[in-house]
1. Test residue 273 against the stated conditions and say whether it is under 22 Å from residue 92 (Cα atoms), within 16 Å of the ligand (Cβ to nearest atom) and either more than 22 Å from the chain's Cα centre (by Cα) or assigned to a loop (DSSP other than H, G, I, E, B) (or both).
2. For residue 335, only one of the following conditions fails: (1) under 17 Å from residue 146 (Cα atoms); (2) away from the ligand (no atom under 12 Å from the Cβ); (3) open to solvent by 60 Å² or more (accessible area, probe 1.4 Å). What is its number?
3. Quick one: which helices (runs of 4 or more DSSP H) lie wholly within region 207-268 and hold at least 3 residues that are at negative phi and open to solvent by 40 Å² or more (accessible area, probe 1.4 Å)?
4. Count, please, the residues in region 53-78 that happen to be surrounded by fewer than 21 Cβ atoms within 10 Å (Cβ to Cβ) and either free of Cβ contacts under 8 Å to residues at least 24 places away in the same chain or within 22 Å of residue 153 (Cβ to Cβ) (or both).
5. Any chance region 150-167 includes a residue that's within 12 Å of the ligand (Cβ to nearest atom) and in a loop (DSSP other than H, G, I, E, B)?
6. What's the number of the only condition in (1) modelled with pLDDT of 95 or more; (2) within 16 Å of the ligand (Cβ to nearest atom); (3) more than 19 Å from residue 174 (Cβ to Cβ) that residue 305 fails to meet?
7. Checking residue 258 against (1) within 16 Å of the ligand (Cβ to nearest atom); (2) of a type outside the set (A, V, I, L, M); (3) over 25 Å from the mean Cα position of the chain (by Cα), which single condition isn't satisfied?
8. When both residues are 6+ apart or on different chains and their Cβ atoms are under 8 Å apart, which pairs have a first residue that lies in region 226-255 and is within 16 Å of the ligand (Cβ to nearest atom), and a second that is of a type in the set (Asp, Glu)?
Amino acid sequence: MALKLVIIGGGSSYTPEIIEGIIKRYDSFPVTELVLVDIKEGEEKLQIIGNLARRMIEKSSKPIQLTWTLDRKEALKNADFVSTQIRVGRLDARAKDERIPLRHGFIGQETNGAGGVLKAFRTIPVLMEIANDVHAICPDAWMINFTNPAGIVTEALLKYAAHKKIIGVCNIPYNMRHSVAEILHVAPDDVRIEFVGMNHFVFGQKVFVKGIDRIDEVLEKLIDSDGLDYSPANIVSLGWSKTFIESTRLLPNPYHQYYFQTRDVLEKDLAAYEANGTRAEVVQQLEESLFELYKDPELREKPKELEERGGAFYSDVACSLMDSIYNNKQDIQTVNIRNNGAISDLPDDAVVEINCVITKDGPKPISVGSLPLSVKGIIQQMKAFEELVIRAAMTGDYHDAYLALVMNPLMADEKRSKIVLDELLEAHKHYLPQFK
Ligand code: G6P
């Protein structure tokens, strides 16, 4: 039976991961046709990735027919799964998202604060177009979105795109589960963290190992900080204080440092920026050496160096999800999906990052009831902020954009929010047609 997967943003340096994931799962998830798609500006990278993917597939001897193209619409014909991993404006735009807020004394980060807002503004219209193409050309396909800010983008699509079979994914819950498994000396598959919140703002409130909640042990290790560090390569772990952990009794994710250790992170980021440039600039160099490696005709596997990227292991998340949908596995995975009452304090149409039973008809969220009081306020504020971002991205209205920025807890400065917004809108104007 034919099984076609289309990867939009196929020229990404991360693609060898997903190729490896597909090859590894071929027996249960037998992709027969794989198409890598990119845009004209990414043609050279697409070519290099295409050739490496071809060598990896040849080495595996799996009968996967691989092609790469700039023609998205043609590629989408008869697709069963479409994964989206794009970066509108590429790393140059990310560097501006990081640098401009930092210059004004705010966190400069690709998915948080002002940078995350502008990334959403650039990305939502482009993904909307892709989702509408998917709907017109391959209406039965599942769209798996990795594109950041993944939760916000997925919510925008589920609210406004014609296509509804859309799931957002991220490697943070995966990283947390694997690190917890390591410190408890158990298999990752035996660990189930009960997550509450949104993408890059998710907390673990229980850690089940074979049905028994062991969160207390995990929190102990987190206080030690040398015992548990699940930060991806892009975030420096500053550790958590005993008081914070003992008071909240929640497992924070690495991005929470931006909100609860803002001054310390800012200090660190400014020092790192002065020494090596922003993360985007570090990644640009890393990409250069990765692509040099990828060009080697002898290379037939994903190189270890790719693990220096923050999104390492994302492919396991995507491939496991597609495998479970395809086989109606009904296992539990953490994805970004419409809340539908699973968290009673958030709107039904809000996208949340939550454990779901993965069926052939998509993920079914597992209800967790209400939010813990300690973080209820900030989660609701962040969700309202996300709604403002989506509204501004859709309308292109200046006041909506300003509201999105000023209501973000990392900004919260009425005069400087305008200064930062104006600079960012100007810097990215080429990618913001909705803001006239
Ligand atoms: C983490 C996040 C991803 C993000 C990545 C950035 O893994 O979960 O959403 O894309 O880091 O990594 P980079 O290597 O690009 O800084």
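1. Details: under 22 Å from residue 92 (Cα atoms): yes; within 16 Å of the ligand (Cβ to nearest atom): yes; either more than 22 Å from the chain's Cα centre (by Cα) or assigned to a loop (DSSP other than H, G, I, E, B) (or both): yes.
Against the criterion (under 22 Å from residue 92 (Cα atoms), within 16 Å of the ligand (Cβ to nearest atom) and either more than 22 Å from the chain's Cα centre (by Cα) or assigned to a loop (DSSP other than H, G, I, E, B) (or both)), residue 273 qualifies.
2. So residue 335 meets the others, but not (3).
3. Working: elements: 215-224, 242-248, 257-260.
By residue number, 215-224, 242-248.
4. Selection size over region 53-78: 5.
5. The answer is no, given that none of the residues of region 150-167 is within 12 Å of the ligand (Cβ to nearest atom) and in a loop (DSSP other than H, G, I, E, B).
6. (1)
7. Failed condition: (3).
8. If the second residue must be of a type in the set (Asp, Glu), the pairs left are 233/307; 233/308; 237/229.
The values are calculated or read from the model by the stated rules, or taken from the named source; none is laboratory data. Not measured: the values here are computed from a predicted model. For neighbour counting, all protein chains shown are included, and Cβ atoms are generated from backbone atoms with ideal geometry for every residue, glycine included. Calculation scope for accessible area: heavy atoms of the full protein, side chains included, ligands and nucleic acids excluded. Shrake-Rupley method; radii C 1.70, N 1.55, O 1.52, S 1.80 Å.
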